[in-house]
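Below is one structure; the comments refer to it alone.
All of the numbers you see were taken from the coordinates with simple rules; none came from a lab. Keep in mind that what you see is a predicted model, and the values were worked out from it rather than measured.
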Amino acid sequence: MSAASNDRRIDYVEFVVADIPRACTFYEKAFGWTMTDYGPEYCAFADGRLEGGFTTIGTVRLGGPLVVLYADDLTAVQESIEAAGGRIVKPAFDFPGGRRFHFADPDGYELAVWTKA
């Protein structure tokens with residue numbers, strides 16, 4: 001699949017967890033997911049179709065993981081979100097491999113948007 005076909009689609013799901021090794025062990029045993037360790041605060045997973053990650057950076061929230069969308073043009077998507085009534089809750093920041101920001105939709109659900117470096 002080309003990068004263009006992923007534009008503005010759900011691309012990644014991120015769980016804030018209290019204990020990364022415990023979360024990895026659970027999902028490996030329960031579902032057979034594969035893990036890629038990025039240190040004490042982050043581990044990525046792949047289920048064969050969708051990728052995501054476990055992080056200890058943040059507060060464990062009942063109600064679900066962080067849904068992350070991909071954008072070819074991060075600035076344009078941020079402008080679209082704000083024009084549609086969304087609110088930026090975490091300004092754009094760099095991370096290994098890209099850049100992302102978090103936003104709240106009109107009901108208060110927090111999502112994120114990322115782009116490759």
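Just to be sure I understand: of the beta bridges DSSP finds with both ends in the stretch 1-60, what percent are antiparallel, rounded to 5?
If I count the DSSP bridges inside the stretch 1-60, around 65 percent turn out antiparallel.
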Tilt relative to the chain, helix 74-83 - C-alpha long axis, 0 to 90 degrees, to 10: 70 degrees
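Using Cα-Cα distances under 8 Å and only pairs 6 or more residues apart, what relative contact order does the chain have, in percent? Could you put the intermediate results ahead of the total?
Values: 213 pairs, mean separation 29.0, N = 117.
Worked out over the chain, it gives 25 percent.
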Over the chain, with a Gaussian network built from C-alpha contacts below 10 Å, which listed residue (G53, G98, G63) shows the highest mean-square fluctuation? G63
In the chain, what percentage of the DSSP-assigned beta bridges are antiparallel, given to the nearest 5? 75 percent
For the chain, calculated [θ]222 nm from helices alone, where every DSSP H run of n ≥ 4 adds -39500 (n - 2.57): -6000 deg cm²/dmol
Which residues' amide hydrogens lie under 5 Å from the amide hydrogen of D72, considering only partners 5 or more residues apart or on another chain, with H built in the peptide plane? R8
How much length, in nm to one decimal, is gained on full extension between V60 and D47, taken as 0.36 nm per residue of separation minus their Cα-Cα distance? 2.5 nm
Where does helix 20-31 land angle-wise versus the long Cα axis of the chain, in degrees 0 to 90, nearest 10? 80 degrees
